[in-house]
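The values are calculated or read from the model by the stated rules, or taken from the named source; none is laboratory data. What you see is a predicted model, and the numbers here were worked out from it, not measured in a lab. With ideal geometry, Cβ positions are generated from the backbone for all residues, glycine too; neighbour counts draw on all protein chains shown. Ligands, DNA and RNA are stripped out before the accessible areas are found, and what is left, the full protein with its side chains, is counted by its heavy atoms. Shrake-Rupley method; radii C 1.70, N 1.55, O 1.52, S 1.80 Å.
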Amino acid sequence: MSIDNNNDESLEESLDLRQYISLFWNWGWLIVLAGVVAGAAAFFFSKRMTPYYQSATSVLVNEAPATKTTDYSSVMMSQQLTSTYAQMMAKDPVLSEVITQLGLNMTTTELGKLITVTPVRDTQLIAVTTETTDPQLSADIANAVATVFARQIQEIQSQRFAQSKATLEGQLEELEKEIATYETQAGEALTADEKTRLDAKVTQYREIYSGVLTSYESVRLSEAQSVSSVTQVETAKPAEKPIRPKVLQNTMLAAVVGMMLAAGGIFVRESLDDTIKTPEEIGQKLRLPILGVINHQNGHVEQPITMREPKSPTSEAYRSLRTNVSYTHIDHPLKSIMVTSSEPGEGKTTTLANLAVVCAQNGKHVIAADCDLRHPRLQVNFRLNNRKGLSNLFTENTLVLDGSCQVSGVENLVVVTTGSLPPNPAELLGSQKMEKILAAMSQAADMVLVDSPPILAVTDAVVLS
């Protein structure tokens with residue numbers, strides 16, 4: 001028979017999807033419980049968190065008409081102006097006036113943390129967002145920031161023309177006074193020549209007044225064409241629902257994270273767990289055939305179940321084990337079998353006792369030898385005394401098995417118990433005398449079943465093998 005090692009390795013390394021589906025199905029209650037607990041905790045804490053309400057408004061940056069062109073540089077300047085105004089809206093001058101206007105009991109730093117100013121990309125709009133624990137206060141702050149900044153920008157832009165306008169306004173006022181004075185004098189003139197002279201003065205000052213007024217209007221027109229302004233597009237309104245905490249979202253997210261963490265923990269635990277739990281894992285991990293599967297028996301059974309309940313399903317399982325063992329060596333039938341386990345309490349002695357019974361019931365002459373010279377139990381299973389047994393054979397010059405063999409109560413089955421426990425069991429089991437004892441047992445019976453100590457606890461089983 002040929003074996004494809006590459007295929008075996010790929011099968012070993014491949015993920016058995018059904019195994020993990022079964023794993024998560026078995027642990028589904030824990031995954032769901034973790035999700036429920038995490039979700040409940042998130043709901044509990046979210047409900048007790050202080051709610052924050054968000055209000056938003058937007059302002060439009062009106063670029064000066066004189067600077068409006070359609071070339072690329074003008075577009076970039078417009079975007080830079082919008083970005084600059086967005087930065088200015090969150091500065092102390094604006095925040096200080098907002099605090100004064102609304103009568104807020106906080107510093108500009110504290111107010112700045114409540115406000116978010118963001119220019120809207122590829123537009124001349126600026127979004128102003130405010131979050132506080134009071135929905136009305138959030139709306140008031142957002143609206144106040146927009147109006148205060150619009151007024152401050154207007155004042156800053158107007159300062160460039162304020163001096164020129166003030167000078168011209170002063171000149172117009174002086175001219176108005178001069179015109180009024182000469183008109184009064186012309187009305188009170190006593191002679192025609194004097195009245196004519198005064199009327200000419202009035203006409204002259206009126207012409208000068210008209211020229212100054214034209215200059216004043218030109219300055220105002222230049223101001224209107226070169227001043228950028230900010231206009232509030234929409235008014236912020238109080239929010240009906242809090243922006244945070246988002247109770248439902250937090251609950252669902254915590255539940256999902258809790259379930260994922262539980263599933264991940266189960267997956268890691270399963271990956272790190274190298275114990276074998278099912279018969280299928282023996283074939284997958286050890287590449288060994290499964291000779292039999294026996295139901296777990298609770299408690300310490302002091303008599304083999306194959307003797308007490310020969311027709312039970314467990315007894316049938318031992319008969320199936322007997323058949324499978326016989327099939328492992330067809331051409332050269334087994335003469336001796338050693339039974340061991342990894343650790344104490346795993347059922348090796350119970351397995352050996354029941355296997356010995358079913359083999360004897362099948363017509364074979366069987367010797368069940370207890371070679372666990374540390375914690376023997378075979379005499380308990382068959383309810384025999386342990387005054388004489390295997391340890392006595394080591395002291396006899398002439399090897400005679402009959403003196404150490406005890407009737408088990410099952411036809412064709414005799415039991416060799418340990419006898420008195422020696423101080424050096426490993427040395428005895430590895431001696432040449434032990435080889436002679438096993439050879440004598442193999443000659444005297446069709447099958448010898450040997451019970452041994454757990455293989456991880458002591459070296460006796462390795463020596464005996």
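Ranked by the mean number of other Cβ atoms within 10 Å of their residues, highest first, the peptides 41-50, 17-26 fall in the order 41-50, 17-26.
When peptides 245-252, 103-110 are sorted by average Cβ neighbour count within 10 Å, with the highest value leading, the order is 245-252, 103-110.
When semi-axes √(5λ) of the Cα gyration tensor in Å is calculated for this entry, the matching label among (1) 38, 29, 22; (2) 49, 47, 16; (3) 114, 22, 18 is (3).
Relative to the longest principal axis of the Cα atoms of the chain, the long axis of helix 72-88 lies at roughly 80 degrees. In terms of the mean number of neighbouring beta-carbon atoms within 10 Å, the peptides 86-92, 425-431 order highest first as 425-431, 86-92.
Shown are TYR182, TYR52, whose ranking by accessible area with a 1.4 Å probe and every protein chain present, most to least, is TYR52, TYR182.
The order of THR314, THR191 by accessible area, most exposed first and with a 1.4 Å probe, is THR191, THR314. In this view, the solvent-accessible surface of THR275, computed with a 1.4 Å probe and all protein chains in place, comes to about 70 Å². Of the residues LYS348, LYS335, ranked by 1.4 Å probe accessible area with the largest first, the sequence reads LYS335, LYS348. Only one residue of ALA127, GLN185, VAL202 has its Cα farthest out toward the positive end of the dipole of segment 93-218, where Lys and Arg carry +1 and Asp and Glu -1 on Cβ, and that residue is ALA127. Residues in segment 97-156 average 50 Å² of solvent-accessible surface per residue, probe 1.4 Å, ligands and nucleic acids excluded.
In the chain, helical runs assigned H by DSSP with n ≥ 4 each contribute -39500 (n - 2.57); averaged across all residues and rounded to the nearest 500, the mean residue ellipticity at 222 nm is -17500 deg cm²/dmol. Return one number: the angle in degrees, 0 to 90 and rounded to the nearest 10, between the long axis of the Cα atoms of helix 92-102 and the longest principal axis of the Cα atoms of the chain. That helix lies at roughly 80 degrees to the long axis. Per residue, the accessible area of segment 271-358 comes to 63 Å², computed with a 1.4 Å probe over protein heavy atoms only.
Taking all protein chains as shown and a probe of 1.4 angstrom, LEU30 keeps an accessible surface of around 60 Å². Heavy-atom accessible surface of ILE115, to the nearest 10 Å², is about 20 Å², with a 1.4 Å probe and all protein chains retained.
Think of the chain as a dipole: +1 on every Lys or Arg Cβ, -1 on every Asp or Glu Cβ, centred on the Cα centre; then among LEU261, SER315, GLN163, SER315 lies furthest on the positive end. Taking the accessible area of segment 197-349, probe 1.4 Å, and keeping the other protein chains in place, the carbon and sulfur fraction comes to 58%.
Residue separation of GLU110 and LEU421 scaled by 0.36 nm, minus their Cα-Cα distance, works out to 103.5 nm of gained length.
Charge dipole of segment 92-218 (Cα centre as origin; +1 on each Lys and Arg Cβ, -1 on each Asp and Glu Cβ, all else neutral): 320 debye, rounded to the nearest 20.
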